[in-house]
Every structure is written in C-alpha cells, then in structure tokens.
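Only one structure is covered here, and it is reproduced in the block below.
The values are calculated or read from the model by the stated rules, or taken from the named source; none is laboratory data. What you see is a predicted model, and the numbers here were worked out from it, not measured in a lab. Using ideal geometry, Cβ is built from the backbone for each residue, glycine included, and neighbour counts are taken over all protein chains shown.
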Amino acid sequence: MEQEQQQRSVRVWDVPTRVFHWTLVACIAVAVITGMKGGGAMLWHGRAGLAVVGLVCFRIVWGVIGSTYARFGQFLPTPAKILAYVRGQWQGVGHNPLGALSVFALLGFSLLQAATGLFSNDEIAFEGYLAGMISSDLSLQLTTVHRLAFWVLGALVCLHVASIVFYALVKKHFLVPPMITGKTRVPADSPAQDAQGGSVKALVVALLIAAAAMYVAAGG
Ligand code: HEM
Ligand code: HEM
C-alpha cells in the first residue's frame with residue numbers, strides 16, 4: 001500500500017501501438033497455423049502475411065511520427081544505454097535497451113518472413129503474389145529462406161515471451177498490462193512524462209503508407 005502511494009501512472013503506449021502489437025500477434029498466429037496446414041488454408045496464409053507487411057510498414061512509419069515512447073529514436077539501443085542497463089543504472093519508461101534489441105529483431109524478421117513469402121511457392125497450388133515476377137529458381141530459393149527464417153522468427157518470439165514471463169516472475173515487473181491499457185506505473189519522483197504527439201494526422205499518414213505497401217505487395 002505504501003509503495004502504491006509512492007507511484008504514479010504514466011501514459012506510455014498509444015492506441016495505435018497497442019492495436020498494432022496485438023493485431024501482429026494474431027496475424028502471425030494465423031500465418032503459422034495456415035502455413036503448417038497448407039492446401040486450401042494457404043489462401044488465408046497469404047492474406048495474413050499480407051497484413052503483416054502492412055502492419056510492419058505502419059510500425060516503421062509510426063516509429064518516426066508516432067507518440068514519444070513509440071518512436072525508434074526514443075529507444076534506439078546504443079552501446080552506452082545497453083551498458084547502463086546491464087549495470088542497473090537505466091531508469092527509463094518504454095522499451096528498455098535490451099528489450100529494444102528484441103523489438104527491432106522481431107520487426108525485421110516479421111518483415112523478412114512476410115516479404116520472402118510474397119515470392120515463395122508451395123510447388124502445388126499456391127504462390128506468393130509477386131512470385132510470377134521472378135524466375136522459378138529464385139522463387140524456390142526464397143521459399144527456402146521463407147522456411148528457414150520462420151525458425152528464427154519462432155525463436156525470437158519464444159525469447160520475447162520468455163523475457164516477459166521472467167520480468168513478471170523474477171523482477172515482479174508486469175509488462176503486459178501496459179501493452180493493454182497503455183499505462184504504466186513509475187515512482188512518484190520520476191521525471192517521466194505522458195507520451196506526447198502521434199496525432200490523428202500522423203495516424204492517417206502511417207495508415208496510407210501501410211495501405212500503399214500492401215497494395216504493392218499484393219501485386220498491385
Ligand atoms: C507472434 C508473436 C509476437 C510478436 C511478433 C511480438 C512482437 C512485438 C513487438 C514488435 C513489440 C514492440 C512493440 C512496439 O513498440 O510497437 C512487442 C512488445 C511487447 N510484446 Fe510482443 N510480440 C509477440 C507476442 C507477444 C505475446 C504472446 C505477449 C504476451 C505475453 C507479448 C507481450 C508484449 C509486451 C508486454 C510488449 C512490450 C514490452 C516492453 O514493455 O518493452 N508479445 N512485441
Ligand atoms: C509473417 C508472415 C508469415 C509467416 C509467419 C509464414 C510462415 C510460414 C510457415 C510456417 C510455412 C510452412 C513452412 C514449412 O512447411 O516448412 C510457410 C509456407 C509458405 N508460405 Fe508463409 N508465412 C508468412 C507470410 C507469407 C506470405 C505473405 C506469403 C505469400 C503471399 C507466404 C507464402 C508461403 C508459401 C507459398 C509457403 C509454402 C512453402 C512450401 O511449400 O514450403 N507466406 N509460411
């Protein structure tokens with residue numbers, strides 16, 4: 001109770017970042033299930049993967065014009081920040097420097113996975129929307145990358161979820177509620193401020209760019 005009184009609430013994750021995260025989780029889950037199933041499910045595999053292209057493109061733009069803690073510049077994991085974090089001297093809000101490494105890796109591999117999928121083919125009945133633009137040899141090579149990259153993405157997701165469980169169980173730091181409510185708790189004397197920026201205009205720009213990326217990825 002005493003500790004509760006010494007804390008205050010800070011708005012950390014804006015609505016677009018939260019919606020982005022949980023939609024990405026859902027789309028990747030659908031892509032994995034349908035990719036494993038194959039056959040008729042591949043139609044939905046392509047659709048879910050296309051949504052991942054749009055989501056990651058959205059997040060890249062939002063990382064530049066979104067609100068404070070969603071901006072890449074805010075959590076860029078420089079060696080100095082990582083060192084401070086490892087020494088227990090990092091006192092920030094938002095992604096910590098080690099978590100930030102995993103955020104960039106998750107975004108990068110989600111995009112690589114979806115982008116290689118666009119050029120892949122299952123040698124039966126389904127091919128990515130852009131596979132017709134390249135030779136079948138190259139398409140098969142990218143299909144191999146698509147299959148291999150999946151294991152890296154899978155490992156990154158396992159590490160991501162394991163870290164969140166570790167934070168909850170060992171450090172008693174619960175990261176999931178802020179990704180749902182948008183709010184986190186900080187010591188009352190912390191200089192941390194509510195997230196600023198990420199206007200509706202910025203949101204429309206990010207959505208339009210994401211839609212354009214999906215249009216191109218779907219073969220126009
Ligand atoms: C396909 C699976 C997943 C992927 C690809 C993924 C990806 C990501 C990405 C890219 C971020 C950065 C968010 C941003 O700044 O936009 C993030 C953060 C986060 N994710 Fe996930 N995620 C996955 C599954 C999960 C699951 C299952 C949970 C719940 C246990 C979860 C909980 C979180 C939390 C709490 C954060 C914020 C971490 C922090 O405070 O630094 N994620 N995730
Ligand atoms: C992040 C999004 C994606 C994930 C997580 C994903 C995951 C997977 C998985 C797990 C498989 C099965 C691999 C295997 O059998 O070893 C697969 C196969 C496949 N995926 Fe994706 N995929 C994604 C996006 C896409 C997209 C956007 C397309 C095309 C529009 C696509 C096209 C294909 C094709 C053609 C195969 C069959 C390859 C084969 O027969 O080995 N994928 N994908």
Can you name the number of the only condition in (1) in a helix (DSSP H, G or I); (2) touching a strand residue (DSSP E or B) at 6+ places or on another chain (Cβ under 8 Å); (3) of a type in the set (A, V, I, L, M) that VAL10 fails?
(1)
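Kindly indicate whether ILE180 is among the aliphatic types (A, V, I, L, M), within 30 Å of HIS45 (Cα to Cα) and exposed (fewer than 12 other Cβ atoms within 10 Å of the Cβ).
Numbers: among the aliphatic types (A, V, I, L, M): yes; within 30 Å of HIS45 (Cα to Cα): yes; exposed (fewer than 12 other Cβ atoms within 10 Å of the Cβ): yes.
The answer is yes for ILE180.
For the stretch 107-121, does any single residue satisfy the condition of being of a type outside the set (Val, Ile, Thr), part of a loop (DSSP other than H, G, I, E, B) and closer than 22 Å to LEU43 by Cα?
Filtering the stretch 107-121 for residues of a type outside the set (Val, Ile, Thr) gives 107-115, 117-121.
Now narrow it down to the ones that are part of a loop (DSSP other than H, G, I, E, B): 119-120.
Now narrow it down to the ones that are closer than 22 Å to LEU43 by Cα: 119-120.
Yes: the stretch 107-121 contains one or more residues that are of a type outside the set (Val, Ile, Thr), part of a loop (DSSP other than H, G, I, E, B) and closer than 22 Å to LEU43 by Cα.
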Name the residue that is farthest from PRO178 (Cα to Cα), counting only residues in the stretch 57-71 that are surrounded by fewer than 23 Cβ atoms within 10 Å (Cβ to Cβ) and within 16 Å of ligand 2 (Cβ to nearest atom).
CYS57
Which one of these does VAL145 not meet: (1) closer than 30 Å to LEU203 by Cβ; (2) modelled with pLDDT of 95 or more?
(1)
ALA213 vs (1) within 16 Å of ligand 1 (Cβ to nearest atom); (2) in contact with a helix residue (DSSP H, G or I) (Cβ under 6 Å, 6 or more places away or on another chain); (3) part of a helix (DSSP H, G or I): all pass except (1)
Tell me yes or no: at least one residue of the stretch 161-180 is within 17 Å of PHE109 (Cα to Cα) and either assigned to a helix (DSSP H, G or I) or within 17 Å of the chain's Cα centre (by Cα) (or both).
yes
When you look at ALA188, is it exposed (fewer than 11 other Cβ atoms within 10 Å of the Cβ) and touching a strand residue (DSSP E or B) at 6+ places or on another chain (Cβ under 7 Å), yes or no?
yes
Exactly one of these conditions fails for LEU142: (1) in contact with a helix residue (DSSP H, G or I) (Cβ under 6 Å, 6 or more places away or on another chain); (2) more than 9 Å from ligand 1 (Cβ to nearest atom); (3) part of a loop (DSSP other than H, G, I, E, B). Give me its number.
(3)
